[in-house]
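Worksheet: the structure to be examined is printed underneath.
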Amino acid sequence: MVPLPRSPAAGRCRRRRFSWLLCRYLGADFLVVLTCCLVGFLVLFLVFALMDDLSDFLRAGTPWQETLLYFVCLQPDNLVRVLPMSLMLATVYCLVHLVRHHEMTALRSMGVSLVQACLPYLATAAALTLVQLGANEGLVPMARHTAAAIKRRVDNYGVEFSWQPLLAFQNPREGRVWLIQTYDQPAQFRQLYI
């Protein structure tokens, strides 16, 4: 038996050029799953916050606009917490879906590398990482401050503030003297000098 001659291109692996159609297909599925994960986690965190704080707002007789503002201001902080979990869950789900339906095998047999197949996931994760960084520096601190101010008003409902002038406190163990110009009973200080 005579061996067949090999063609010069038989030993080389063919690479497929980058396909925007493939990127759109994989990215669209990923964004749907990511949105479902984000919304699910945000609703879960909102339900926990409602169960925890709504009774305080009702007891204090807070207007519904202020109550709504409080729960809306909690969402940026929750979004920063759930974004990494949602990204991981959506990526794992999409990759398992591709493997289960033999789409990953078909992509690999067409010459698409794993990096090209995962490029929509990596690009989305990188973009959302930048969004999270910007939110952590700008939106989240403002929203957290607003929510804390509303919650402080609700928690101090019916409490009479009696500002005490000029309190001096000596800490002999640390060797410090604290001079507080004014303070109230729930321990809010103004003009504290050590």
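Odds and ends about this structure:
- Legend: residues 82, 177, sorted from most to least accessible area (1.4 Å probe; ligands, DNA and RNA excluded), read 177, 82.
- A simple spin-label model places the labels of residue 144 and residue 174 2.3 nm from each other, with each point 7 Å out along Cα-to-Cβ.
- Efficiency of FRET between residue 69 and residue 131 - r from beta-carbon atoms, R0 25 angstrom, step 0.05: 0.65
- Length available on full extension from residue 55 to residue 100: 0.36 nm per residue minus the Cα-Cα distance, which gives 11.6 nm.
- Rolling a 1.4 Å probe across all protein chains gives residue 86 an accessible area of roughly 0 Å².
- Accessible area (Å², 1.4 Å probe, nearest 10) - residue 53: 10 Å²
- FRET efficiency estimate (nearest 0.05) - Cβ-Cβ, residue 167 to residue 81, R0 35 angstrom: 0.35
- Spin-label model distance (nm) - residue 113 vs residue 152, 7 Å beyond Cα toward Cβ: 5.4 nm
The values are calculated or read from the model by the stated rules, or taken from the named source; none is laboratory data. Since this is a predicted model, take the numbers as computed values, not measurements. FYI the Cβ positions are ideal-geometry reconstructions off the backbone, even for glycines, and counts take in every protein chain you see. The accessibility values were calculated without ligands, DNA or RNA, using every heavy atom of the protein model including side chains. Shrake-Rupley method; radii C 1.70, N 1.55, O 1.52, S 1.80 Å.
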